[in-house]
Amino acid sequence: MKSGSLRAKIAFLFLILSLGPLVLVALLGGFVIVGQLNSFSDRLEKTDLALHTDVVGRNLRSDAFDTATEIENIFSRWKSDLRNWSEEDVLAQAAQAEDRIAAKKGWNSLSESQLKSRVKHFTVPLPAHLSEQASSYVFRQAERPDASVVEILVTGLNGLNAVLTRPVPVIDHRTEAWWQSASSLKEGFQDVFRDNGIPVVGLALPVINTTSGEAVGVIRAFFSLETLTRALEQKASVLNAAIRVVNSSGQVLFDSSVQTDNVLLGAESTWSEPHDAGFQAVHAEPGLAGTGFVKQGDFLVGYARTDSADWGILVSQPERQAMQVLSGLMKTAQDFRSLPWYLALLTGLVFIVVGVFAVLATLLISQSITRPLIELSREAQRVQAGDLSARVMISSNDEVGLLGQAFNTMTAGLRERERERDVFGRVVSPAVREKLLAGQLALGGETRRVTVLFSDIRGFSTMVETMTPQQAVGFLNEYLSLMAEAVQPWGGFINNFIGDAIVVIFG
């Protein structure tokens, strides 16, 4: 390979040609070189932007979407519990009994202060046996260790308390937004607030009489967010990124970058500006189609929106950290963009000392510079299109050669990353694969309690004796596909295929 600085080569050639100065020819030659370098620089900037969006942006958008999906899964479990409670017969009976008793006593038209002077224990008094059964049911649900329940409240269609797990300051809830939504057969929602120091969120549904199918009351539950915040902190640690959650009012509900007390941190200072990532997140569509990616200060931010709570999810990394895989190419590209200034200086010298053969020399120099750069631009566009096998030939050891070396190093790193994901994806579960790639697993492994399932087709050998080879293979493929679909929703992954048998690991 040829060695030496590109600037030294150009200066040496111009010195040799100084015996025959032709200012006009030198000027034209300089314009050719600078024009071609500027053209390549523009293409390199476009490629750099595409790499920001396609490589880094796609990763951050995916991380934000995955985080939003985890939050949706937690809300789905809470809603499922609440829906089961809302269809419990004893709660429907309690809500209907409360309506009848309050109407008989004329309490439906009383003010809150009048109700408090007449109602003891914050609820309309129910028959003893019904009150005991309903209270026993809601207390059992609230005390389940996996429920994360802080409070359960049941009202009749008049909005007055029928069943409680603890005293509440309000007896009549008819004016509250969550109650109005639930009584209208919609989902009621109370955004995050602190309840005795614990961050909670409120969900409400209509109580259904399963016999008539009609709504007879409203049930509301407060769910603790401690499980959710722990999951978000672990997610941020795995991603090596900061996770923030904001609501539709711009309030920061969670920020993993805050070491202590990272819930309910106040409003975003730039919330009213449309370019703010949080603003864009809560106004995006839920799901993968609504994800986005922006550069905000020194940070790159991917965002998504949850459907249940209309929260914006932001996953951010410092630009230097996020672009580490492309740092070699970016640094060399920045150095290369300064070359037109050096060439402009040399062109100024050509105005004084340029030889008669300057045109030919300039054209030769132009080709020696632009040919590898055009090749590099072409290969960079292949990378932009998703082809990571792109590689450039290194024919010199100057700045252009360094740029090519940096490009080859970058594509090799990207190929290795994709290979690791593919290899790990074949032999381990997605969760284990991501921990391996993130360096979260110790060399000695971890001790886990898992469930192993061995399953095969009874009488398979006898069965296939009556089949053609094509029928046997088709039958086996259909069976294994159905088994794979059956175990995935329960957190299992198929560790091994042994003929018609499979080995599945859960946990």
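The values are calculated or read from the model by the stated rules, or taken from the named source; none is laboratory data. Here the structure is a predicted model, which means the values were calculated and not measured. Note that each Cβ is placed from the backbone with ideal geometry, even for glycine, and that neighbours are counted across all protein chains shown.
Key figures
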read-out: Residue within the stretch 135-152 that is under 30 Å from R244 (Cβ atoms), among the acidic types (D, E) and touching a residue at least 40 places away in the same chain (Cβ under 8 Å) present; value: yes
read-out: Residues being in contact with a Gly (Cβ under 8 Å, 6 or more places away or on another chain) and either of a type outside the set (F, W, Y) or free of Cβ contacts under 8 Å to residues at least 24 places away in the same chain (or both) - total across the stretch 192-229; value: 11
read-out: Segments classed as helices (runs of 4 or more DSSP H), wholly inside the stretch 358-472, with at least 1 members that are at pLDDT 80 or above and touching a Gly at 6+ places or on another chain (Cβ under 7 Å); value: 399-427
read-out: Of residues in the stretch 123-171 being part of a helix (DSSP H, G or I) and charged (D, E, K, R), the one farthest from W107 (Cα to Cα); value: R140
read-out: Contacts under 6 angstrom Cβ, first residue in the stretch 45-69 being surrounded by 15 or more Cβ atoms within 10 Å (Cβ to Cβ), partner in a helix (DSSP H, G or I) and at pLDDT below 65, 6 or more apart; value: L51/L326; V56/A322
read-out: Residues of the stretch 147-189 classified as among the hydrophobic types (A, V, I, L, M, F, W, C), touching a Lys or Arg at 6+ places or on another chain (Cβ under 9 Å) and within 13 Å of F122 (Cα to Cα), total; value: 4
read-out: Filter result for A221 (part of a strand (DSSP E or B), at pLDDT 90 or above and aliphatic (A, V, I, L, M)); value: yes
read-out: Selection count, the stretch 181-192, where residues are over 24 Å from R118 (Cβ atoms) and not in a strand (DSSP E or B); value: 6
read-out: Scope the stretch 90-112; condition under 40 Å from the mean Cα position of the chain (by Cα) and over 15 Å from A204 (Cα atoms); matching residues; value: none
read-out: Where E187 falls short, out of the listed (1) out of contact with any helix residue (DSSP H, G or I) (no Cβ under 6 Å at 6 or more places or on another chain); (2) more than 15 Å from A309 (Cβ to Cβ); value: (2)
read-out: Check on Q93, among the polar types (S, T, N, Q), at pLDDT 60 or above, closer than 30 Å to A162 by Cβ and crowded, with 19+ Cβ neighbours inside 10 Å; value: yes
read-out: Residue match in the stretch 260-283 (condition: at pLDDT 85 or above and among the acidic types (D, E)); value: no
read-out: Count - residues of the stretch 172-189 that are in contact with a Gly (Cβ under 9 Å, 6 or more places away or on another chain) and aliphatic (A, V, I, L, M); value: 2
read-out: Residues of the stretch 100-109 classified as surrounded by fewer than 21 Cβ atoms within 10 Å (Cβ to Cβ) and either in contact (Cβ under 8 Å) with a residue 24 or more places away in the chain or at positive phi (or both), total; value: 5
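Conditions tested, residue by residue: (1) under 26 Å from E88 (Cα atoms); (2) surrounded by fewer than 22 Cβ atoms within 10 Å (Cβ to Cβ); (3) of a type outside the set (A, V, I, L, M); (4) at pLDDT 90 or above.
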{"residue": "V163", "(1), (2), (3), (4)": "yes, no, no, yes"}
{"residue": "L185", "(1), (2), (3), (4)": "yes, yes, no, yes"}
{"residue": "V207", "(1), (2), (3), (4)": "yes, no, no, yes"}
{"residue": "G213", "(1), (2), (3), (4)": "yes, yes, yes, yes"}
{"residue": "A242", "(1), (2), (3), (4)": "no, yes, no, yes"}
{"residue": "S248", "(1), (2), (3), (4)": "no, yes, yes, no"}
